[in-house]
Amino acid sequence: MAQTLDIKSVRGSMRHLLILEEVARVGIPMTPTEINRKIGLPKQTLHRLFTNLEEDGFLQREHDGRSYSPGPRLRAMATGVMSSTRVRAARLAVMKALSKDIGETCNLVLPGRHAMIYLDRVETDWPLRVQLPIGTEVPLHCTASGKLYLSTLSKARLQRILNAGGFEKKTERTLTDPAELSAELDRVRRKGYAQDNEEFIDGMVALAAPVKDAAGRMVCSLAFHAPTPRMTLSVAHTHLNRLRAAADELSRIIVEDDGAHN
């Protein structure tokens, strides 16, 4: 059983941070009651704090109306931490080496509420390239990084997304049928990486591999994309092992940085 804190010794302002810390640690939507098993706040205080955090944008309520996940302000904070100068320098070194070896643009992509967000990129030197600047939001259902993220969700949460439907058809190859998308995500889950076979943009292919934290959870994805006149999907797969090695190296950087601050 999780040991609760002596909440009487915790300052009022710290209680909000303890809630956010637990939400981030668990990594999946949780109810206030589940969070409180670790924190041990009075019920009335707990719900007041959750209300405050939701109103201020640090938490957001899930579709089930009971559980909460990180809100836009908490996600923005996480992005800021990931972009810190020291960590970013190490991260860019890995990405530049990968881009040089593959000869194509590499991206680091974070999951958002309804989309994937480009956190960092290293551009190819080729004049023909797909421009997706830092901060760009791309769909979950038809990008390599998005499908990789969807494959990590709990069955219940993924099923809610599939049931909601409304998947926009970006190209003739985009999977919009929930059953077909679910089968694709099963393949992604088994293989441990995802591909985009001209599903987001005509004439572009991509592969993505997960970057994980110490608990083995996907924090973000490392991906590369290329125009099909220069690289077919089958050729892209010849770079899969190199992509995975770089993603593993980024995972070690994240774990080591986290350990240095604990």
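The values are calculated or read from the model by the stated rules, or taken from the named source; none is laboratory data. Not measured: the values here are computed from a predicted model. Here the Cβ is made from the backbone with ideal geometry for all residues, glycine too, and neighbour counts use every protein chain on show. What goes into the accessible areas is simple: the full protein's heavy atoms, side chains included, and nothing from ligands, DNA or RNA. Shrake-Rupley method; radii C 1.70, N 1.55, O 1.52, S 1.80 Å.
Below are the figures for this structure:
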read-out	value
Per-peptide average of other Cβ atoms within 10 Å, ordering 111-118, 54-61 highest first	111-118, 54-61
Gyration tensor verdict on the range 135-211 (Cα atoms; rounded if a/c is under 1.5, prolate if a/b is larger than b/c, oblate otherwise)	oblate
Amide proton proximity set for residue 211, modelled H, under 5 Å, gap of 5+	219, 220, 221, 222
The chain: angle of helix 43-55 to the longest principal axis, Cα-based, in degrees nearest 10	40 degrees
The chain, accessible surface, carbon-and-sulfur percent (1.4 angstrom probe)	53 percent
Backbone HN-Hα couplings from phi across the range 234-244 [Karplus 6.51/-1.76/1.60, Hz, Gly and Pro as x]	5, 5, 4, 5, 5, 9, 4, 4, 5, 4, 5
Average accessible area per residue (Å²) across the chain - probe 1.4 Å, nucleic acids and ligands excluded	52 Å²
Prolate/oblate/rounded call for the chain, Cα gyration tensor, a/c under 1.5 rounded	prolate
Amide H contacts under 5 Å for residue 136, placed H, 5+ residues apart	118
Relative packing of peptides 28-39, 229-240 - highest average C-beta neighbours within 10 Å first	28-39, 229-240
